[in-house]
1. Write out, first by first residue and then by second, each pair whose Cβ atoms fall under 8 Å of each other, whose residues are 6+ apart or on separate chains, and whose first residue, in the range B:37-53, is more than 17 Å from residue B:26 (Cβ to Cβ) and touching a residue at least 24 places away in the same chain (Cβ under 8 Å) while the second is assigned to a helix (DSSP H, G or I) and within 11 Å of ligand 2 (Cβ to nearest atom).
2. Can you confirm whether the range B:152-169 contains a residue that is under 21 Å from residue B:105 (Cα atoms) and open to solvent by 70 Å² or more (accessible area, probe 1.4 Å)?
3. For the range B:157-200, which positions are under 24 Å from residue B:10 (Cα atoms), part of a helix (DSSP H, G or I), touching a residue at least 40 places away in the same chain (Cβ under 8 Å) and within 14 Å of another protein chain (Cβ to nearest Cβ)?
4. Residue B:134 passes all but one of (1) more than 24 Å from residue B:48 (Cβ to Cβ); (2) within 14 Å of chain A (Cβ to nearest Cβ); which number fails?
5. I need the full set of residues from the range A:18-32 which are of a type in the set (S, T, N, Q) and more than 7 Å from chain B (Cβ to nearest Cβ), in order please.
6. Any idea which residue in the range B:75-94 is least open to solvent (accessible area, probe 1.4 Å), counting only those that are more than 8 Å from chain A (Cβ to nearest Cβ) and without any contact (Cβ under 8 Å) to a residue 24 or more places away in the chain?
7. Against the definition (assigned to a strand (DSSP E or B), away from ligand 2 (no atom under 16 Å from the Cβ) and of a type in the set (A, V, I, L, M, F, W, C)), how does residue B:66 come out, yes or no?
8. Which of the residues spanning the range B:32-58 are away from every other protein chain (no Cβ under 12 Å), small (Gly, Ala, Ser) and open to solvent by less than 40 Å² (accessible area, probe 1.4 Å)?
Amino acid sequence: MRSDVSTLVIGAPRRSWPALVAESARVAVTARVVSGLVAVLALVVPIAVVGVTGLNIEAQGAILRQIDAIGARTITIVSASVGAAIPAAAVERIAQLDGVSWVVGLGNVFDVRLRAPVGEPTPVRAYRAVGAPVIFGGASYPDGGQGLLAAGGPGDAGRAYLSAESARRVGLAGSYGILDPGGLPVVGWFRAQGPLSALEAFVLVPGTDDALALERIIVAVDDVGWVDPVADNIPALVGSAAANAITIERSSVLLQAREAVKDEVARRDRTLVLAILAVAMALAGVVIFAGTVGARRDFGRRRALGATQGQLTVLVVLGTLWPALGGTAVGTILGWGYVGTRVGYLPDWRFPLAVGILTVLVLVAASALPAAVAATRDPLRVIRVP
Amino acid sequence: MIANVRPLIEAAAITFGYSREQPVLNGWSGSVAGGEIVAIVGPSGSGKSTLLYILGTLVRPWSGTLWIGDHDVARVGDRGRSDVRSAAIGFVFQDALLDPRRSVFDNVVEGAVYRGDSRAEAGVQARALLERFGVDVESSRRATDLSGGQAQRIALARALLDSPPIVLADEPTGNLDHINAKLVETALFEHARSGAAIVMATHDEVLAARCDRTFRLS
Ligand SMILES: Nc1ncnc2c1ncn2[C@@H]1O[C@H](COP(=O)(O)OP(=O)(O)OP(=O)(O)O)[C@@H](O)[C@H]1O
Ligand SMILES: [Mg+2]
């Protein structure tokens with residue numbers, strides 16, 4: 001209400017908030033270019049942040065899976081003394097534990113000569129092994145079948161397998177040759193992958209359980225989380241003679257590498273998010289400032305019509321808030337959905353929500369300085385601009 | 001005519017200029033009581049608009065005192081001067097100063113927004129004022145591509161919204177034809193007769209002669 005004409009007392013107006021909030025929405029609609037640019041920024045920032053970090057989390061997952069494939073998920077059991085060999089039956093027992101993917105038991109290494117149908121005998125090293133999941137091929141086994149080294153089947157004792165790689169190297173095309181001394185026939189080839197690929201340097205001689213004394217067992221678990229529980233159970237499964245004479249190696253170096261990767265990705269993400277937000281804030285600041293300069297006469301008029309500096313500040317800040325909210329809402333959902341489609345599942349909604357809130361806060365903060373500058377400009381100067 | 005004991009506007013020894021070397025106003029004094037309509041006359045560049053800006057608290061004089069009602073506005077801060085403008089002063093600018101991106105209606109009720117008055121109530125008044133001043137454009141139409149006369153009458157409606165006790169008008173009849181000029185003049189005189197203090201800058205000596213008093217600048 002205006003002050004009463006018949007008195008000299010000029011009371012302060014009520015300056016209510018709802019009227020100003022409604023006006024700020026009209027301001028946002030009127031200032032199409034500035035609002036549009038703010039909305040676009042608000043749209044792009046969450047897409048960039050949620051998109052990039054979401055995919056980084058996925059990339060991190062890929063690296064971690066690689067580390068796990070190298071052996072973060074493996075436990076190695078070594079018998080510490082020659083006299084305390086581990087019974088081969090331990091392999092079977094460990095394989096029964098929850099969370100175990102596969103177990104391989106390795107006996108002693110022995111040097112032999114491979115006598116091929118043609119050519120000179122080649123020196124090779126051989127392993128007695130049980131339980132390894134390898135792919136067999138050759139005369140006595142259909143090519144490409146997965147199998148375990150064990151009594152019966154392809155892993156039957158009394159035969160030997162050459163790695164596909166070694167077979168090529170020594171020029172063994174079909175099958176195959178004889179190991180001397182002992183006369184063990186080489187009846188096929190095998191391929192070993194992942195942590196077991198080191199076995200490809202050797203000729204494998206499947207051991208029958210009871211005949212074989214193991215020097216080393218390698219256990220792979222389904223998930224790094226299983227490493228400790230499985231390792232803790234192993235002493236009870238290797239037999240009383242071996243229980244105190246084994247060392248159990250958890251892949252601690254790899255586990256540390258795993259943590260380092262996680263930290264590194266998190267650190268890079270933080271840096272990236274901060275950079276995106278800083279750039280967005282700078283751009284928004286420039287856009288909003290340019291907008292207030294372009295609207296100088298507007299501000300002069302509002303001041304002449306009785307708006308306070310505080311009201312003008314609020315108009316600019318809220319005028320930024322509305323397009324920022326709109327753009328951010330859409331951008332956050334799009335970024336979330338984008339990561340969802342790339343990764344195959346929708347990540348936790350709290351992260352996109354937090355990014356959205358952060359984006360709105362950053363854009364609104366960017367408007368504070370231009371708002372204050374615009375509000376404190378001399379109204380006369382701006383009115384007199386032709 | 002309602003005569004107040006003290007004038008609504010009371011200025012003494014006002015000095016102001018846009019540069020130190022060239023004061024536009026040099027020790028100007030004057031007062032306007034409620035119910036009075038006073039003309040500021042003088043050649044172009046003599047400081048008529050400048051004086052209106054000072055009286056309208058849009059600019060602070062270098063020195064001198066200015067009372068608007070019970071406010072010593074040369075002394076109060078920006079907030080106090082905004083309050084005075086909002087509560088007591090209606091301004092008609094030389095070039096209307098409408099927002100061309102907003103509707104005619106929004107332009108007229110804009111001041112109510114800052115006062116925190118109801119837009120609906122202000123809207124009723126706004127429509128009545130627009131009708132009274134013969135503004136024959138849709139009030140929902142944007143305030144762009146208007147004739148000088150239309151813009152000036154819309155600006156007058158905005159200035160008179162909610163009956164301000166003080167109206168400062170800068171050549172309100174400047175660009176208008178005779179009929180429109182008469183309409184604006186009548187509205188300002190009627191507003192003065194209702195008790196308001198009106199100060200109007202004009203080049204029209206005939207109009208100035210019809211006012212209660214004249215401030216002459218040189
Ligand atoms: N923003 C400004 N910066 C510098 N000088 C200004 C500014 N505004 C006005 N002036 C100068 O101040 C003097 C008074 O200007 P003002 O607009 O008050 O005159 P006026 O009497 O209203 O003129 P007119 O009749 O042409 O409207 C003029 O010499 C003008 O050039
Ligand atoms: Mg002028």
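1. B:41/B:48
2. Within the range B:152-169 (the criterion being under 21 Å from residue B:105 (Cα atoms) and open to solvent by 70 Å² or more (accessible area, probe 1.4 Å)), the answer is no, since none of the residues qualifies.
3. The answer is B:159, B:160, B:192, B:193.
4. It fails just one condition, (2).
5. Going residue by residue through the range A:18-32, those that are of a type in the set (S, T, N, Q) are A:24, A:30.
Matches in the range A:18-32: A:24 only.
6. Per the criteria, the residue is B:80.
7. Answer is yes for this residue.
8. Hits for the range B:32-58 are B:39, B:42, B:46, B:47.
The values are calculated or read from the model by the stated rules, or taken from the named source; none is laboratory data. None of these values were measured; they are calculated from a predicted model. Here the Cβ is made from the backbone with ideal geometry for all residues, glycine too, and neighbour counts use every protein chain on show. We work out accessible area using only protein heavy atoms, side chains counted, and drop any ligands, DNA or RNA first. Shrake-Rupley method; radii C 1.70, N 1.55, O 1.52, S 1.80 Å.
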